Amino acid sequence: MPALMPTDFTGTLVWIGAVADREADLASGPLSEIEATFAGFVGESHAGLTRPSDSRVLAQYERGTTIRNTRQFSIVSEEDLAAIAAEMGVADLDPALIGASLVIRGIPDFTLIPPSSRLQFQSGTTLTIDMENRPCVLPGPVIERAHPGFGAKFKPAAEHRRGVTGWVEREGSLKIGDQCRLHIPDQPAWPHARAYH
């Protein structure tokens, strides 16, 4: 019996971006097409088969420990971006300002899709979702340059709307306009998880 269930939810890839050097600038530059490899994609500073651990996994590893890179992509939905912008009080929020890799349109409650879900594109290219991408203060200064007075509003507005992180399960190309289908794990929620929230 398959462990992953294809759903009726499909999305359209409407934006692609790459952060060239996250130490220099978190903003991503727009692209029309990329080649997704097992290490992410060339020219993106989050690419690689491994990465140094960061604040998200301090309960598991000392900062800077070499771990598997499950954060090759930062994926957000067009709908969540619109909701963040509305709560912040700006007309729109350019995904480049938050260092997004991909923007998907059409899958509801995108940030809340289960970990280990897959986004499988028409070409067969498949991305595995690791987990929710928690909002942080780092996009604030980048947003502030474009929207003076609004940078600090991003983190609270992006709670449970910041998208997800993911990694390449099957290599292939991705281009603007590509369609993907959401596949979710055939597994109930762990009943003891609430005790740790």
Among Leu26, Pro52, Met5 the positive-end extreme of the charge dipole of segment 1-141 (Cβ point charges): Pro52
per DSSP, antiparallel bridges as share of beta bridges in segment 17-118, % nearest 5, sits at 65
How big is the chain in terms of Cα radius of gyration and Dmax, in angstroms? 16.3, 53
Quick check for me: using +1 on Lys/Arg Cβ and -1 on Asp/Glu Cβ, what's the dipole size of the chain about its Cα centre, in debye to the nearest 20? 420
Residue-normalised 222 nm signal for the chain, counting each DSSP H run of n ≥ 4 as -39,500 (n - 2.57), nearest 500 deg cm²/dmol, is -3000 deg cm²/dmol
Out of all DSSP beta bridges with both ends in segment 4-186, state the antiparallel percent to the nearest 5. 90
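So how much slack lies between Leu4 and Ser123, counting 0.36 nm per residue of separation and subtracting their Cα-Cα distance, in nm?
Values: separation 119, 0.36 × 119 = 42.84 nm, distance 1.85 nm.
Roughly 41.0 nm would be gained on extension.
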If you place +1 on the Cβ of every Lys and Arg, -1 on the Cβ of every Asp and Glu, and leave all else neutral, what size is the dipole of segment 88-197 about its Cα centre, to the nearest 20 Debye? 140
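Since every read-out is calculated from the coordinates, none of them should be taken as a lab result. This one's a predicted model, so the numbers in the text were calculated from it and none came from an experiment. Note that we place each Cβ from the backbone using ideal geometry, even for glycine, and neighbour counts take in every protein chain shown.
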